[in-house]
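> Provided herewith is a single structure, encoded as structure tokens, for subsequent inquiry.
Bear in mind these aren't lab numbers, they're just calculated from the coordinates by the rules spelled out. Source: prediction; values computed, not measured. Using ideal geometry, Cβ is built from the backbone for each residue, glycine included, and neighbour counts are taken over all protein chains shown.
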Amino acid sequence: MTRARSDAGRTTVWVLGDQLHRGIGALAEATPATHRVLVVESGRKLSSAGWHVQRAHLIVTAMRRFVAELRAEGFEVDHRLAATMGEGLAAHRAEHAPDAVVATEPNSHDARLLLARLGVPTVRSDQFLTHPDDFAAWSAGRKAPKMEEFYRWQRARLGYLMDGDEPAGGRWNLDADNREPAPDDAATRWPAPPRDALDDLDAEVLAHLARTAPGCWGAPPDGTWATSRAGALARLRHFVAHLLPDFGTFEDAMTRDSWHLAHSMLSPYLNLGLLRPREVCDAVEAEYRAGRAPLNAAEGFIRQVIGWREWVWCSYWRDVPGSRGVNALAAHRALPPLYRGERTEMACVRGVLDDVHAHGWTHHIPRLMVLGNLSLVAGVEPWALTEWMWHSFVDGAEWVMVPNVMGMSQYADGGRVGTKPYAAGGAYVDRMGDWCADCRYDRARRTGDDACPFTTLYWDFFLRHGERFARNPRVARQVHAARALADGDAVRARAAEVLARLDAGTL
Ligand code: SF4
């Protein structure tokens, strides 16, 4: 195609699908007069995995709405559907011959390698509050940096919930106040999440997915997940107005009566760039300062964003790519069929998987203490679970899944991200959830046909890995208790039965 005269002297900003904000990195300084924008949808990426359809729909629709917003601002946007990202860029260069193509530092290791290979320079990303270089400088010289130290550093340097040099209320961390089980009125206590009516673009994307990504699964989108910045901001306002006061207290609770509880469900928007971490933390702190939200809620939320989320982000860059292949507990079981939809009589697992199927989302405790816990105590290959979670949740991304699943949930990194294995028996699930009363299994039993699989596998886990964890101060007591069991042999025998049924899809 002939190059248009107006193309001369224009730089292309290549915007990736999880950088959908006008103010991030390379796009921040761009103007319609000086820059063109390139957005590439990779067909291979979409068709390569069994994505939850709500996740695929969210990403593709959000990209297309962002393209429309940039065009409305006056940008010329080259929006390409290509087999691969590289082919999309090559076609763009052939058609437009830009003087230069630049991008913001991508959020995944592979994407950074790809851009380097394609000769695309990047500018420093400010999508997160902490650049990995700054994290490296902070952690240099610390023997074993801890998330809590990092969090306090973040609080002080970013100025959240600080009264001078001291934390608001005199305590840095109010997590101990945030472990209540669900209240009796959980079914009606919180409003249903806002929904947007699906429009022509949603229908167009769903038709596109049906043609190009036949592996998609799960319930179709119902408008719960916003696909634009305006929609994401509306979700932020909803959270702050209706849910924030209860967020902290019931942060860890699980219940059949409410799939969302008082959770913000803002992570997909933060991860795609539709929201930025500062604006959500600013909104939450303002509620606290105005006396409309208690400190345990504001602190719990802000810790999730400036503490845990940024810690995970920086841990990813510290450890990748080696962190993908670790397997400290030598776990080699194939992903059990129940994760792929086979029915199970474990009421808690069935309930959580039903939520994932319906919404592509469940909060951090069902992820960690039900789905992750099951894989951990059963010895499932950690990368298999990581990929499954990455594909199944609307907020999935490699940077969040590798540290969270490989590291914290599966202990595959040997304790680099978390300092203990998050193994739990039926007693924990019963304390924080409400499935056990109607389950075919008995959460208090570890042997026999009715024994709760979590309880059996929990004890078996500490018997199998006693050597490794006997000197870990956070779980040494569990190892000691497992070794003291009078029925240890019967537990091992029952665990073998449970694992055989788990593999066969008959548990
Ligand atoms: Fe889950 Fe065990 Fe409780 Fe059943 S008894 S719901 S399997 S924890």
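> If you fit an axis through the alpha-carbon atoms of helix 53-73 and take the longest principal axis of the Cα set of the chain, what angle between them do you get, 0 to 90°, nearest 10?
The answer is roughly 30 degrees.
> Cα to Cα, under 16 Å, and not fewer than 8 places away if on the same chain: which aspartates and glutamates meet these conditions relative to Lys420?
Output for Lys420: Glu148, Glu467.
> Rounded if a/c is under 1.5, else prolate if a/b is larger than b/c, else oblate: which is region 51-195, with a ≥ b ≥ c the root eigenvalues of its Cα gyration tensor? Don't jump to the answer; show the numbers that get you there.
Values: a/c = 2.57, a/b = 1.50, b/c = 1.72.
Since a/c reaches 1.5 but b/c is at least a/b, the shape of region 51-195 is classed as oblate.
> At q = 0.13, 0.14, 0.16 Å⁻¹, what base-10 log of I(q)/I(0) does the Debye formula yield for region 363-507 when every alpha carbon is treated as an equal point scatterer in vacuo?
Scattering profile of region 363-507, log10 relative to I(0): -0.57, -0.67, -0.87.
> Another question, then. Given Cα pairs under 8 Å that are at least 6 residues apart, what percent is the relative contact order of region 1-140?
Working: 185 pairs, mean separation 48.3, N = 140.
Once divided by the residue count of region 1-140, the mean separation gives 34 percent.
> Now for a separate question. Roughly how far apart, in whole Å, are the Cα centres of region 364-405 and region 449-486?
22
> Could you give the length gained on full extension between Ser48 and Ala176, defined as 0.36 nm per residue of separation minus the Cα-Cα distance, in nm? List each step's numbers first, then the result.
Details: separation 128, 0.36 × 128 = 46.08 nm, distance 4.23 nm.
Here the segment from Ser48 to Ala176 would lengthen by 41.8 nm.
> Going by the alpha-carbon gyration tensor, a ≥ b ≥ c the square roots of its eigenvalues, is region 245-378 rounded (a/c under 1.5) or, if a/c is not under 1.5, prolate (a/b greater than b/c) versus oblate?
It comes out oblate by the Cα gyration axes.
> Sticking with this structure for a sec: Hey, which aspartates and glutamates would be in cross-link range of Lys45, C-alpha to C-alpha under 17 Å, not counting anything within fewer than 8 residues on its own chain?
Correct list for Lys45: Asp18, Glu87, Asp110, Glu387, Asp395, Glu398.
> At q = 0.14, 0.15, 0.19 Å⁻¹, what is the log10 ratio I(q)/I(0) for region 327-420, with the Debye formula run over Cα points and no solvent?
The computed values of log10 I(q)/I(0) come out as -0.44, -0.51, -0.84.
> Follow-up. Multiply the residue separation of Ala28 and Arg71 by 0.36 nm, subtract the distance between their alpha-carbon atoms, and state the gained length in nm to one decimal.
Stretched out fully, the Ala28 to Arg71 stretch lengthens by 13.9 nm.
> Can I ask one more? At what distance in nm do the modelled label points of Ala484 and Asp184 sit from each other, each positioned 7 Å from its Cα along Cα→Cβ?
Spacing of the two 7 Å Cα→Cβ label points: 3.7 nm.
> Under the √(5λ) rule applied to the eigenvalues of the Cα gyration tensor, what semi-axes describe the equivalent ellipsoid of the chain? Give them in Å, descending.
40, 26, 23
> Then there is this: Using just the Cα positions, wrap region 161-319 in a convex hull and report its mean projected area in square nanometres, one decimal place.
12.0
> Counting only residues 5 or more places away or on other chains, whose amide H sits under 5 Å from the amide H of Arg36 once H atoms are built in the peptide plane?
Thr11, Thr12, Val13
> Going by average Cβ neighbours within 10 Å, how do the peptides 139-149, 382-392 rank, with the highest at the top?
Numbers: 139-149: 11.8, 382-392: 22.1.
Those peptides, ordered most packed to least, come out 382-392, 139-149.
> Bin by bin, in steps of 5 Å, what percent of the Cα pairs in region 1-131 do you find, going until the bin that has the longest distance?
In order of increasing distance, the bins hold 2, 10, 20, 25, 22, 14, 6, 2, 0 percent.
> Here is a further query. Given an 8 Å cut-off on Cα distances and at least 6 residues of separation, report the relative contact order of region 367-507 as a percent.
Reported as a whole number, the value is 18 percent.
> Tell me, what is the percent relative contact order of the chain, built from C-alpha pairs under 8 Å that lie six or more residues apart?
The value is 16 percent.
> Just to be sure I follow: if Rg is taken over the C-alpha atoms of region 85-132 and Rh is the Kirkwood radius over the same atoms, what is Rg/Rh?
1.02
> Please list, by residue number, everything in region 195-219 whose backbone N is under 16 Å from a paramagnetic label point 7 Å out along Cα→Cβ of His242.
195-197
> Sticking with this structure for a sec: What are the residues whose amide H is under 5 Å from the amide H of Ala451, where those residues sit 5 or more places off or on another chain and H is modelled from the backbone?
The list, which skips near neighbours in sequence, is Asp442.
> From largest to smallest, what semi-axes in whole angstrom does region 295-351 give when each is the square root of 5 times an eigenvalue of its alpha carbon gyration tensor?
Working: eigenvalues 183, 110, 14 Å².
Over the Cα atoms of region 295-351, the ellipsoid semi-axes are 30, 23, 8 Å.
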